[in-house]
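The values are calculated or read from the model by the stated rules, or taken from the named source; none is laboratory data. Worth saying up front: this structure is predicted, and the values here are computed from it rather than measured. Neighbour counts run over all protein chains shown; Cβ positions are idealised from the backbone, glycine included.
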Amino acid sequence: MSTVREKVLVVDFGGQYTHLIARRCRELGVYSEIVDHSRLREVPLAEYSALILSGGPRSVYEPSAPQLDPSVIGAGIPVLGICYGHQLIAKALGGEVMRSERREYGRTRVIVEDEESVLFADLPRQQVVWMSHGDVVVRPPEGFRVVARSEYGLIAAMESKELPVFTVQFHPEVRHTEHGTKVLENFLRRGAGLRERWNPLDRVAEVIEEVRRSVPEGAGVLLGVSGGVDSITTAVVLHRAVGDRLHVVFVDHGLMREGEAEEVLEVLRSMGLKNVHFVDARSRFMNALRGLRDPEEKRKAIGALFVEVFKDVASRIGRIEYLAQGTIYPDRVESGATGTATSVIKSHHNVGGLPRELGLGLIEPLKDLYKDEVRQVARALGVPESVVRRHPFPGPGLAVRVMGEVTEEKLEVCRRASAIVEEELTRAGLYDQVWQAFAAVGDDRWVGVKGDEREEGRIVIVRVVTSEDGMTADWMRLDHDLLDRISRRITNEVPGVAMVCYAVSSKPPSTIEPC
Ligand code: XMP
């Protein structure tokens, strides 16, 4: 049982910023969870101290658009409606929503009209917000007052005179909204009256206790580590909970970044973990991948072989009853564990399959945390800074950065070129500012000239993206001289490369990894 008493429930209506809302709440010290709107009825609302209704792509008056039971608002729980949520509340309580003649999109000025406003307390009368909507509330429900309008005279925010219900047409969760964080804070602290200060380290202390209580004396826990901050932090947390009953399996599938396998082993040892089982399965994975070109088939082959390798190791260790995984909160939501709206894109993040295969109980100590929270925890537990700062890396490793068949030659190009990208970004002081930075390679070729020789070589695609959580991403506007250095180094230092391209598509529509 969690000792967090004040929790905010973010109801997901399919908006692209739902995770941002939940994360901002946590940054403000309030624990938050996300639920898909279709499951709202199953949720014990009394456990939550506040509700936030997210944005969404639909129009509230479309027949099949998600609706809101007015009793949710009347339940006495403080509510903030954002964008679609604002319109839903208006409609559910008898106000009027219409398609707007003027679409407001992007940075928009709003003017606060009500000095008593809770949401805008201590904020300037005029401010810039981020709008993204085609519909507007044209008549507020009874008992609501308009507290802010956009520069075009449209309703930008409303507050109820009697209920703790607040609504905004704009997105306070995005950075483009000048005082967005303060608007959210005003809702949480003043509107909803929340007092607790949540910290991810408190959650970890609870998790350690929970694991101690639930894993019986003598039972072993098996954990696969990939080298990323999630799995290493999971190892350290579990080691505190069950000591040397933790068995860590590190499979070198040959799809790691340069120098990574050695570094991971060193880190695990330096953290005092005794039972580290290193499996060199490089040739088994290469064999399993031979001839496979389809991304999903490659992922499946890697996943299946992992299970096999794990089974082998587990059967040799003896009394293993639990399997631990470094799952974090966005993995679960993307895998459809909390809802329908966001589950489609990421069915390949196979977080759940392993324990059932192995007939073991599942422990996921970090499953409620976001990446930046995991990093915070990792630092506090003494995980080396190089691991804490390291960019996320996909489970199937370089197999999703080598397009088409995975061969030793393409892997080597990908590994060397990626190392150069990382080195140059670090040198430019940009490594920590980006979400991921790597090189990908496929089978397309380009003609190169070196001296008098013309020779076909591979095309390397450099991808550097900024992102808050990997679910949306933007390509990094890198300085041209830096791009030039990266390109020259790759063509000079990596044999067989004749062209370097820079990937300039954001997500959506493109994914971060090429396959
Ligand atoms: P995409 O490419 O879907 O990736 O935009 C979003 C984030 O997820 C990571 N990723 C994966 N992680 N197994 C993983 O564990 C996978 O199959 C996988 N595919 C993508 C990717 O690195 C990025 O951070």
Matching option when the condition is in a loop (DSSP other than H, G, I, E, B), assigned by TED's automatic domain parsing to the domain that holds CYS25 and closer than 22 Å to ALA192 by Cβ, among PHE166, PHE120: PHE120
Checking ASP69, ASP122 in turn, the sole residue that is loosely packed, with under 14 Cβ neighbours inside 10 Å, within 27 Å of LYS7 (Cβ to Cβ) and modelled with pLDDT of 95 or more turns out to be ASP122
For the range 357-372, how many residues are within 16 Å of the ligand (Cβ to nearest atom) and assigned to a helix (DSSP H, G or I)? 2
Test GLY451 against the criterion of being farther than 13 Å from TYR502 by Cβ and either crowded, with 17+ Cβ neighbours inside 10 Å or in contact (Cβ under 8 Å) with a residue 24 or more places away in the chain (or both), and give yes or no. no
For GLY442, indicate whether it is closer than 23 Å to LYS300 by Cα and not in a loop (DSSP other than H, G, I, E, B). yes
So for the range 494-505 (the condition being farther than 17 Å from ARG401 by Cα and assigned to a strand (DSSP E or B)), does at least one residue qualify? yes
So for the range 389-412 (the condition being closer than 17 Å to ILE512 by Cα, more than 16 Å from the ligand (Cβ to nearest atom) and of a type in the set (A, V, I, L, M)), does at least one residue qualify? no
When the range 169-207 is checked residue by residue, the ones that are β-branched (Val, Ile, Thr) and either modelled with pLDDT of 95 or more or not assigned by TED's automatic domain parsing to the domain that holds LYS367 (or both) are VAL174, THR177, THR181, VAL183
Does VAL387 satisfy being over 17 Å from the mean Cα position of the chain (by Cα) and at pLDDT 90 or above? yes
Taking the range 314-330 on its own, how many of its residues are crowded, with 19+ Cβ neighbours inside 10 Å, more than 26 Å from the chain's Cα centre (by Cα) and not in a strand (DSSP E or B)? 1
Conditions: (1) β-branched (Val, Ile, Thr); (2) under 26 Å from VAL136 (Cα atoms); (3) out of contact with any helix residue (DSSP H, G or I) (no Cβ under 6 Å at 6 or more places or on another chain). VAL60 meets all but one. Number of the miss? (3)
Taking only pairs six or more apart or across chains, which ones have beta-carbon atoms under 9 Å, a first residue in the range 487-515 that is on the phi > 0 side of the Ramachandran plot and assigned by TED's automatic domain parsing to the domain that holds GLY448, and a second residue that is among the acidic types (Asp, Glu) and within 16 Å of the ligand (Cβ to nearest atom)? none
Those residues of the range 158-188 that are without any contact (Cβ under 8 Å) to a residue 24 or more places away in the chain and under 30 Å from PRO70 (Cβ atoms) come to a total of 3
For the range 1-104, which helices (runs of 4 or more DSSP H) that fit wholly inside it have 1 or more residues that are in the same structural domain as GLY153 (by TED's automatic domain parsing) and under 19 Å from the mean Cα position of the chain (by Cα)? 18-27
Could you look through the range 450-493, keep only residues that are of a type in the set (D, E, K, R) and assigned to a strand (DSSP E or B), and pick out the one that is farthest from PRO508 (Cα to Cα)? GLU453
Look through the range 209-235, keep the residues that are buried (at least 17 other Cβ atoms within 10 Å of the Cβ) and farther than 21 Å from VAL279 by Cβ, and return whichever of them is farthest from the ligand (Cβ to nearest atom). VAL215
